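Accompanying notes for the structure given below.
The values are calculated or read from the model by the stated rules, or taken from the named source; none is laboratory data. Please read these numbers as outputs of a predicted model, since none were measured by experiment. Methodologically, a virtual Cβ is constructed for each residue, glycine included, from the backbone with ideal geometry; neighbour enumeration extends over all protein chains shown. Surface areas here come from the heavy atoms of the whole protein model, side chains and all, with no ligands, DNA or RNA. Shrake-Rupley method; radii C 1.70, N 1.55, O 1.52, S 1.80 Å.
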Amino acid sequence: MQRSILRDLLVLLGVFGLIWLAFSLFSYPEDPQLLSIEKEERLGEAYVDLILLNPMFREFENRQVDSAIRVIGDRLEGGLHDSEYNYRFVVFDSEMINAFTVPGGNILISTGLIGFCDTPEELASVMAHEMGHVEERHVLSRLVKELGIEILTSGDQYVIGEVTGLLTSTSFDRKQEEEADLFAAHLLEESAIEPRTLATLFRKLEEEMDNELMKHFEIISTHPNFRFRIREALSFKPAEDFEAKPIELDWEEIRGEL
Ligand SMILES: [Zn+2]
């Protein structure tokens, strides 16, 4: 037990060192949109490592679940045409229904969310929404807005703690949510997944609004406005020759692994 605490501490120190390096080796532009993807990815990787050390976000390591997430992630990445990000999807062990993005194309997904989704397509629609926040660089803009670029890039350990807190409870504004929804609808279509799955998901979330397990879920944390979002998702018209291809996974078996 003590040995594992010591190991965690050493890893923590190592991660702090990495973040410090990631911050200090570069100069940063005033506008977060000008930060190179490469720098964003380095920062993101260090933050993912840090978040996974938190007992609330322990990595859930299971071969079947990992490979299912990879199947869905590959399908979605195949639908992206000119992304500069190398996506990494990480499952963490939590009954909370939750998913969030960390800079650099990192998307964290809870086991609770996987259990909540009745089909792999539903999970794909959440992942596509999160990929929208990545591609539109919403996380970085949010962090800069909350903390300012100077503080954000100081590498100070208190700042790092604050950033970690913000990343795991990020809420976006209404416009960013709508952009991510629209991005998701297009991406689902390009990935041969029915875009209206997004509406199905919103309807389910609406029914569960009082569920305590859902209170950190970023998709609904600030502006749920489900009626509007359901209407938007339903009015999205895929191309006439659109044909959905089912994601071939034994979903019940995968959920059985949770
Ligand atoms: Zn969102």
Any idea which of (1) among the aliphatic types (A, V, I, L, M); (2) within 16 Å of the ligand (Cβ to nearest atom); (3) in contact with a helix residue (DSSP H, G or I) (Cβ under 7 Å, 6 or more places away or on another chain) is the one I114 doesn't satisfy?
(2)
For S235, all conditions in the list (1) more than 26 Å from G73 (Cβ to Cβ); (2) touching an Asp or Glu at 6+ places or on another chain (Cβ under 7 Å) hold save one; what is the number of the exception?
(2)
Here is a check on your reading of the model: is I247 within 25 Å of G104 (Cα to Cα) and away from the ligand (no atom under 16 Å from the Cβ)?
no
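Of everything in the stretch 42-57 that's touching a strand residue (DSSP E or B) at 6+ places or on another chain (Cβ under 6 Å) and of a type outside the set (F, W, Y), which residue is most open to solvent (accessible area, probe 1.4 Å)?
Of the stretch 42-57, the ones touching a strand residue (DSSP E or B) at 6+ places or on another chain (Cβ under 6 Å) are 44, 47-48, 52, 57.
Right, trim to of a type outside the set (F, W, Y) and you get 44, 48, 52.
Numbers: G44: 0, V48: 0, L52: 22 Å².
Residue satisfying both the conditions and the ranking: L52.
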I'd like the full set of residues that are away from the ligand (no atom under 13 Å from the Cβ) and either under 19 Å from L35 (Cβ atoms) or under 15 Å from the mean Cα position of the chain (by Cα) (or both), limited to the stretch 117-136.
E122, L123, A124
Across the stretch 155-194, which residue is most open to solvent (accessible area, probe 1.4 Å) among those that are at pLDDT 85 or above and away from the ligand (no atom under 16 Å from the Cβ)?
E190
Working carefully through the options V71, V11, V15, find the one that is open to solvent by 40 Å² or more (accessible area, probe 1.4 Å), in a helix (DSSP H, G or I) and at pLDDT below 90.
V11
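Do the conditions hold for V102, that is, is it more than 20 Å from I247 (Cβ to Cβ) and within 15 Å of the ligand (Cβ to nearest atom)?
Values: more than 20 Å from I247 (Cβ to Cβ): yes; within 15 Å of the ligand (Cβ to nearest atom): yes.
Yes: the conditions hold for V102.
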Pairs please, first residue from the stretch 201-222 and within 14 Å of the ligand (Cβ to nearest atom), second anywhere and open to solvent by 80 Å² or more (accessible area, probe 1.4 Å) and at pLDDT 85 or above, Cβ atoms under 8 Å, 6+ apart in sequence or on different chains.
T222/R174
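Restricting attention to the stretch 75-115, and to residues there that are over 15 Å from the mean Cα position of the chain (by Cα) and free of Cβ contacts under 8 Å to residues at least 60 places away in the same chain, which single residue is surrounded by the most Cβ atoms within 10 Å (Cβ to Cβ)?
Taking the candidates together, the pick is S83.
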List the number of the failed condition for R229; all other conditions in (1) among the basic types (K, R); (2) farther than 19 Å from G78 by Cα; (3) open to solvent by 70 Å² or more (accessible area, probe 1.4 Å) hold.
(3)
